[in-house]
Amino acid sequence: MEDEYTILASSGESLFKDRGSKFFGYVFPVESEEEVGFYLDQIRELHPKARHACYAFRLGQKGEIVRSNDDGEPAGSAGKPILNTLTSRGITNILGIVVRYFGGTLLGVPGLIHAYKEATSSALLEATFQTRIVTQRIEIFHSFELTQPVMRLIKHYQIHVLAQLYEELPGLLCEVRLAFLPTVLDELNDLYGVSWRYENN
């Protein structure tokens, strides 16, 4: 569904070798660019003698914030393959870093693209993922006589009740899946004696 997105739940790492060069791949779950900087510093401390620490990340529900960095490798040969691998899996809130130790043999741009992609893909195999669902919080108020139809609606659309509210009428603070929200609101509007509002409105 459109209101679902996949994030990285746990980190993974890998080692890919090609003609003497070693590529250490890492993926980390991140929620902000500050976290990206933290992990980059950690990896650079872990590999002080490595020639390159190339990376890419995606943030936001739709992966709308993206960055990649070749860190001295030929343009487009490192950061972009890492980013393309993350994007092709549909994963967001993720940082991919690949550290390279040069083995003495030039791999050429196609060889580098392959190596950075493989190191990232292998690290992803060691990680775990989580599906998140976009929700909207609403407050529902109803008379006592309408408790049953409201509860039926809540059960049918798997609405999560967060808290009970007490104003002029008893109410519920609920979390509704975004994909179901228009239908839920239409059905609430059809129930005479039921009112609703977005949280904090």
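Among the residues of the stretch 71-113, those identified as touching a residue at least 24 places away in the same chain (Cβ under 8 Å), of a type outside the set (S, T, N, Q) and assigned to a loop (DSSP other than H, G, I, E, B) are 73, 74, 76, 78, 89, 90, 102, 103, 104, 107. Residue-level check: of (1) out of contact with any helix residue (DSSP H, G or I) (no Cβ under 6 Å at 6 or more places or on another chain); (2) farther than 24 Å from residue 114 by Cβ, residue 83 misses just (2). Scanning the stretch 45-60 for residues that are modelled with pLDDT of 95 or more and either basic (Lys, Arg) or in a loop (DSSP other than H, G, I, E, B) (or both) turns up 47, 58. With respect to being surrounded by fewer than 17 Cβ atoms within 10 Å (Cβ to Cβ), hydroxyl-bearing (Ser, Thr, Tyr) and within 27 Å of the chain's Cα centre (by Cα), residue 135 falls outside the description.
Could we say that residue 87 is within 22 Å of residue 125 (Cβ to Cβ) and open to solvent by 30 Å² or more (accessible area, probe 1.4 Å) here? Yes, satisfied. Scanning the stretch 114-142 for residues that are aliphatic (A, V, I, L, M), over 19 Å from residue 163 (Cβ atoms) and part of a strand (DSSP E or B) gives a single hit, 133. Taking residues in the stretch 1-24 that are on the phi > 0 side of the Ramachandran plot, and partners anywhere that are modelled with pLDDT under 95 and of a type in the set (Ser, Thr, Tyr), the pairs with Cβ atoms closer than 6 Å and at least 6 places apart or on different chains are 19/105; 20/105.
Restricted to strands (runs of 3 or more DSSP E) entirely inside the stretch 156-201, those with at least 1 residues that are buried (at least 16 other Cβ atoms within 10 Å of the Cβ) are 170-177, 194-198. Pairs are defined by a Cβ separation below 7 Å, a sequence spacing of at least 6 or placement on different chains, a first member in the stretch 143-154 that is in a helix (DSSP H, G or I), and a second member that is among the β-branched types (Val, Ile, Thr) and open to solvent by less than 50 Å² (accessible area, probe 1.4 Å); the pairs so defined are 146/194; 150/140; 150/194; 153/184. Residues in the stretch 17-46 that are surrounded by fewer than 18 Cβ atoms within 10 Å (Cβ to Cβ), more than 14 Å from residue 116 (Cα to Cα) and in contact with a strand residue (DSSP E or B) (Cβ under 6 Å, 6 or more places away or on another chain): 44 alone. Is there a residue in the stretch 94-101 that is open to solvent by 60 Å² or more (accessible area, probe 1.4 Å) and either closer than 22 Å to residue 71 by Cα or of a type outside the set (Ser, Thr, Tyr) (or both)? Looking for residues that are open to solvent by 60 Å² or more (accessible area, probe 1.4 Å) and either closer than 22 Å to residue 71 by Cα or of a type outside the set (Ser, Thr, Tyr) (or both), one finds at least one in the stretch 94-101, hence yes.
The values are calculated or read from the model by the stated rules, or taken from the named source; none is laboratory data. Predicted model only: the values in this text are computed from it and were never measured. When we count neighbours, we look across all protein chains shown, and the Cβ atoms used for this are built from the backbone with ideal geometry, even at glycine. Remember, those area values only see protein heavy atoms, side chains included, never the ligands or the DNA or RNA. Shrake-Rupley method; radii C 1.70, N 1.55, O 1.52, S 1.80 Å.
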